[in-house]
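One structure is given here, and the rest of the page talks about it.
The values are calculated or read from the model by the stated rules, or taken from the named source; none is laboratory data. Remember, it's a predicted structure, so these values are computed and weren't measured experimentally. Note: ideal-geometry Cβ built from the backbone for every residue, glycine included; neighbour counts use all protein chains shown.
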């Protein structure tokens, strides 16, 4: 087993989530993750990230964790609606795929949001 594989297999979903959160913060992206999803609609994605567009992400452990049927429904409907959706695993973190996805959200396609000035 390569060191890369061993690291990916050892990384928990929580560790992956924390890596994503820290990267979003560093890039100035809005990040949302519900720490207790038991009250959400079944299958709602783990994470919502907002930059120049919205990215919905489901994070999973490297092995033994597949999308549940309700998660597949959310994925398919989001993609059909033209939204960005990713299923990320530790390997995606280690290869830089997540960083590339998040950096792409940071690229300014229009002026950044500025709150309305009240007088």
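If I ask for residues that are touching a strand residue (DSSP E or B) at 6+ places or on another chain (Cβ under 9 Å) and under 19 Å from residue 91 (Cβ atoms), which ones from segment 50-70 would you list?
If the condition is that a residue be touching a strand residue (DSSP E or B) at 6+ places or on another chain (Cβ under 9 Å) and under 19 Å from residue 91 (Cβ atoms), then 55, 57, 58, 59, 60, 67 are the ones that fit.
Taking segment 1-16 only, how many residues are within 14 Å of the chain's Cα centre (by Cα) and surrounded by fewer than 18 Cβ atoms within 10 Å (Cβ to Cβ)?
Of the residues in segment 1-16, 3 are within 14 Å of the chain's Cα centre (by Cα) and surrounded by fewer than 18 Cβ atoms within 10 Å (Cβ to Cβ).
Residues in segment 99-112 that are under 16 Å from residue 54 (Cβ atoms) and either modelled with pLDDT of 95 or more or surrounded by 13 or more Cβ atoms within 10 Å (Cβ to Cβ) (or both): how many?
6
If I filter segment 35-58 down to residues being touching a residue at least 12 places away in the same chain (Cβ under 8 Å) and more than 15 Å from residue 78 (Cβ to Cβ), which single residue comes out as surrounded by the most Cβ atoms within 10 Å (Cβ to Cβ)?
Within segment 35-58, the match that is surrounded by the most Cβ atoms within 10 Å (Cβ to Cβ) is 51.
Please find, within segment 69-91, the residue that is surrounded by the most Cβ atoms within 10 Å (Cβ to Cβ) out of those that are under 25 Å from residue 7 (Cα atoms) and more than 11 Å from the chain's Cα centre (by Cα).
For segment 69-91, the residue satisfying everything is 90.
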